[in-house]
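First the structure, in the form of structure tokens, and then the observations on it.
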Amino acid sequence: MSKKRIRLNAVEMANPVQDNAGLWRYPDNKVDRYKDLDYWIELAKLLERGRFDSVFFADILGVYDVYRGSRDTALREGMYSPSNDPSFAIPAMAAVTKHLGFALTASVSYEHPYALARKMSTLDHLTDGRIGWNMVMSNLESAARNYGREHQLDHDERYDRGDEYLDVVYKLWQTSWEEDAVVKDAANRVYADPAKVHDIGHEGKYFRVPGVHLSEPSLQRTPVLFQAGSSDRGREFAAQHAECIFLNAMTEEETKFLVSDIRERAVRYGRKPEDVLFFPKLNPVIGITEEDALAKLESYLSYSSPEGALSLLSVWIGTDFSKFSAQELLEFIQKGEKRSGTNYLLEFFARNEPNKEWRIEDLAKFFAFGGVGSLVVGTPTQIADKLEQFMDNTGVDGFNIAYITRPGTFEEFIDKVVPELQRRGRVQTEYGEGTFRNKLFGQGDRLPPEHPGSRVTRGENPSS
């Protein structure tokens, strides 16, 4: 019986620091290279050499300004700020690779579906069918204000609006242009047959998009659909729409629950369980020996910033943690604060470590290094063992490898851990053929017929 393949995604952001608060100060951590196009080109070559399936670009559209009611801490710590638009690096990265996929985060809340559909089709053309879209609802009040809104929509309404958003882009990608609309008939002076290009006629509660898609069909038509919501409403959205799901679970038990829950929901939408792939986040600390790896971890931790972590958590959980003392019990905050979808994080601690008294300082230290994700520490052999065990025990399909230092973490993982996993038959030694979707699923370039996006109809509109 062949072993299940471990798919690998690299997690990046076009900013100095992702989740490791304070680590921008670490020696040899080239945090400022996010502004350097050569860095992204070199990274693409490195990841393709390591047979990674894709690079996933996280992104934000606002600053983290809940902690102390100010953006100052996030700016001092370089936490997600300053931040560039990662989409512009993708064509350059695609030009120096043949197989690497690119998953780009774009906000359902702030990018109009008409423009987003064109952007993704363009990138799918320029990458020869290697683009994916990470669908995010966005959770920053600062983004809402700067996009001209008083407040962001309530948590569940953001997903309700997201369902209609997906209906619009599915119509644009899947139905506006017939497969043979582009004829390029020079003799009859017809580039595209007007009879085969259609208005989508969308009229809904949130969007009115009457016309045609601006781009002709790309290889995938619809990009590979990624999502990372873990609230109950987020999991429902993922079950209906997502093909790949990023998990922010930190234990096997939690991961197994999420995988089972979302796959069961997907079946209710007429999809197959295997049509949804799961990727938990992983923060690897690799050493020649176990002692070396532990020493490296201690070195990293000496640079971490609990306050920087609190600037992130204050947004994610919807609570200004500066209002509480370091010794405040997490249980008190859970009961006393207004809860949001991202308070799933607090529920995680209560469910997985019910006998531990978590205080604010514990939470800050825990999230300061690695953020929401599993930390694996050891030799290449030990890390390969842990990845195999985690996959076999939970049913996930791969891992999102997050960097601790840039680009050192990716270099070490590719040079030391990937060869070990390849020897075990777990990581591909050669790429498959076709588009990003076909490489992941082996079932063709387009959305499968069971996917809701394959079943949309022009002019059919949701009830308002």
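Overview of results
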{"quantity": "Out of 123, 47, 100, sole residue that is within 19 Å of residue 438 (Cβ to Cβ) and without any contact (Cβ under 8 Å) to a residue 60 or more places away in the chain", "calculated": "100"}
{"quantity": "Those strands (runs of 3 or more DSSP E) lying entirely in the stretch 221-299 with at least 1 residues of a type in the set (D, E, K, R)", "calculated": "277-286"}
{"quantity": "Selection count, the stretch 390-434, where residues are over 17 Å from residue 376 (Cβ atoms) and small (Gly, Ala, Ser)", "calculated": "4"}
{"quantity": "Pick from the stretch 44-57, criterion aliphatic (A, V, I, L, M) and crowded, with 23+ Cβ neighbours inside 10 Å, ranking: nearest to the chain's Cα centre (by Cα)", "calculated": "55"}
{"quantity": "Within the stretch 141-180, considering residues that are of a type in the set (Gly, Ala, Ser) and in contact (Cβ under 8 Å) with a residue 24 or more places away in the chain, the one surrounded by the most Cβ atoms within 10 Å (Cβ to Cβ)", "calculated": "162"}
{"quantity": "Enumeration of residues in the stretch 384-396 that are closer than 18 Å to residue 255 by Cα, part of a helix (DSSP H, G or I) and not acidic (Asp, Glu)", "calculated": "386, 387, 389, 390, 391, 393, 394"}
{"quantity": "Which listed residue, of 29, 84, is in contact (Cβ under 8 Å) with a residue 12 or more places away in the chain and buried (at least 18 other Cβ atoms within 10 Å of the Cβ)", "calculated": "29"}
{"quantity": "Helices (runs of 4 or more DSSP H) completely within the stretch 1-95 that count 1 or more residues being aromatic (Phe, Trp, Tyr) and modelled with pLDDT of 95 or more", "calculated": "37-49"}
{"quantity": "Unmet criterion (only one of (1) crowded, with 22+ Cβ neighbours inside 10 Å; (2) out of contact with any Lys or Arg (no Cβ under 9 Å at 6 or more places or on another chain)) for residue 267", "calculated": "(1)"}
{"quantity": "Residue 231 vs. criteria assigned by TED's automatic domain parsing to the domain that holds residue 242, farther than 26 Å from residue 87 by Cα and in contact (Cβ under 8 Å) with a residue 60 or more places away in the chain", "calculated": "yes"}
{"quantity": "Hits in the stretch 416-457 - residues which are in contact with a strand residue (DSSP E or B) (Cβ under 9 Å, 6 or more places away or on another chain), part of a helix (DSSP H, G or I) and either modelled with pLDDT under 95 or not hydrophobic (A, V, I, L, M, F, W, C) (or both)", "calculated": "416, 437, 439, 453"}
{"quantity": "Residue 70 being hydroxyl-bearing (Ser, Thr, Tyr) and either in contact with a Lys or Arg (Cβ under 8 Å, 6 or more places away or on another chain) or in contact (Cβ under 8 Å) with a residue 24 or more places away in the chain (or both)", "calculated": "no"}
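This table checks each residue for (1) assigned to a loop (DSSP other than H, G, I, E, B); (2) at pLDDT below 95; (3) touching a strand residue (DSSP E or B) at 6+ places or on another chain (Cβ under 9 Å).
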| site | (1), (2), (3) |
| --- | --- |
| 98 | yes, no, no |
| 103 | no, no, yes |
| 119 | no, no, yes |
| 142 | no, yes, no |
| 149 | yes, yes, no |
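For every residue, the table says whether it meets (1) at pLDDT 95 or above; (2) closer than 16 Å to residue 397 by Cβ; (3) surrounded by 17 or more Cβ atoms within 10 Å (Cβ to Cβ).
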| residue | (1), (2), (3) |
| --- | --- |
| 217 | yes, no, yes |
| 220 | yes, no, yes |
| 225 | yes, yes, yes |
| 240 | yes, no, yes |
| 243 | yes, yes, yes |
| 249 | no, yes, yes |
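The values are calculated or read from the model by the stated rules, or taken from the named source; none is laboratory data. Everything quoted here is computed from the prediction, not taken from an experiment. Cβ sites come from the backbone with ideal geometry, for glycine too, and all protein chains shown count toward neighbours.
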